[in-house]
Amino acid sequence: MTTNIILLGPPGAGKGTQARRLVEERGMTQLSTGDMLRQSRNSGSDMGRRVAEVMDRGELVTDDIVIGLIEERLDADRTDGFIFDGFPRTLAQADALAALLEKKRERLTAVIEMQVDDDALVRRITARSTCANCGEMYNDITKPIPEDGKCAVCGGTEFKRREDDNEQSLKQRLLEYYKKTSPLIGYYHANDQLDRVDGLGEIEEVSRAIKDVIDSRA
Ligand code: ADP
Ligand code: ZN
């Protein structure tokens, strides 16, 4: 039986950071709908352009689009398990995921809610950037780009910020989270699948808490 987990939490909770660590340490596969949608926007297709507008406003892309993206990847990838990062974000997406996993005879090992208060989210998001070459994530406050201006992982010298990481769009993303995504917490809790971790600690501490949850549920 493979391990499949959902990382649930508001923008800036640290889902992507933790997902990347699980990929390295456990050979799991990260499925980030945010990353997939950013690829689509960069592809220059018609759909990419429509997606870009919605994302930049901080709104959610339609369920059909993201469910389709996930379905493709679930079929294609062979792995020791999936980390769903930024998906599901609505109850309809949660139902679709349950059906897709059932079809593959897979189960959800755990749903991990990463708890971080709003002030911290805004501080984190407006401080973050990634290496344009390898995707390593940096944060002006907690994990600054090395002083020589080179990525610690790949030596790249170009760093980028996300277009939707501005205050206006972030406010909308938080509203969308509380309105459409946070109900999933109650849903998974009622299904006895939910565990919470404090997302405010050091990256290492949060990692350990997540691993404890996975091991206790596996
Ligand atoms: P964050 O968690 O920081 O908001 P993501 O990279 O997960 O960032 O998502 C960025 C944007 O992509 C969202 O604001 C939304 O527009 C879109 N998006 C990502 N995942 C989904 C999803 N599951 N359903 C609908 N829209 C999504
Ligand atoms: Zn790099």
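Odds and ends about this structure:
- Cα-based convex hull volume of the chain per residue, rounded to whole Å³: 122 Å³
- Computed over Cα pairs, the Kirkwood radius of the range 73-164 leads via Stokes-Einstein (0.890 mPa s, 25 °C) to a diffusion coefficient of 151 µm² per second.
- Per residue, the accessible area of the range 1-93 comes to 45 Å² when a 1.4 Å probe rolls over the protein heavy atoms.
- Amide H partners (placed H, <5 Å) of Tyr138, local residues excluded: Ser129, Thr130, Cys131
- Gain on full stretching of the segment that runs from Cys134 to Asp63 - 0.36 nm per residue minus C-alpha separation: 22.7 nm
- Gain upon complete extension [Val23, Asn42; 0.36 nm per residue less C-alpha separation]: 4.4 nm
- Comparing Val116, Val206, Asn133 along the charge dipole axis of the range 95-218, the residue lying farthest to the positive side is Asn133, per the Cβ-charge model.
- Per-residue 3J(HN,Hα) values for the range 48-60, derived from phi via the Karplus relation 6.51 cos²θ - 1.76 cosθ + 1.60 with θ = phi - 60°, read x, 5, 5, 4, 4, 4, 5, 4, 5, 6, x, 8, 7 Hz in sequence order (x marks Gly and Pro).
- Shown is the FRET efficiency for Ala98 and Ser182, computed with R0 = 25 Å from the Cβ-Cβ distance and rounded to the nearest 0.05: 0.85.
- Those residues of the range 94-126 whose amide nitrogen sits under 20 Å from the label point placed on Ser216, 7 Å along Cα→Cβ: 108-116
- Note: relative contact order over the chain, using C-alpha pairs below 8 Å and six or more positions apart, is 30 percent.
- Over 32 Å apart at the Cα level, from the set Lys179/Lys211; Lys103/Lys171; Lys143/Lys171; Lys150/Lys180, are Lys103/Lys171; Lys150/Lys180.
- The charge dipole of the range 156-218, taken about the Cα centre with unit charges on the Cβ atoms of Lys, Arg (+1) and Asp, Glu (-1), comes to about 300 debye, rounded to the nearest 20.
- Put a dot 7 Å past the Cα of Arg208, heading toward its Cβ, do the same for Thr157, and the two dots end up 3.9 nm apart.
- With every protein chain in place, the chain: carbon and sulfur % of accessible area (1.4 Å): 46 percent
- Solvent-accessible surface of the range 100-165, taken per residue with a 1.4 Å probe and all protein chains present: 60 Å².
- Look at where the Cα atoms of the range 133-210 and of the range 1-44 average out, and the two centres are 10 Å apart.
- Gaussian network model of the chain, Cα within-10 Å springs - most flexible of Arg73, Arg107, Arg41: Arg73
- Where both bridge residues fall in the chain, DSSP classifies roughly 25% of the beta bridges as antiparallel.
- DSSP-defined antiparallel bridges as percent of all bridges, the range 100-210, nearest 5: 55 percent
The values are calculated or read from the model by the stated rules, or taken from the named source; none is laboratory data. Predicted, not measured: the structure shown is a model, and the values here were computed from it. Every residue, glycine among them, receives a Cβ derived from its backbone with ideal geometry; neighbour counts consider all protein chains shown. Accessible surface is based on the protein model in full, side chains and every heavy atom, while ligands, DNA and RNA are left aside. Shrake-Rupley method; radii C 1.70, N 1.55, O 1.52, S 1.80 Å.
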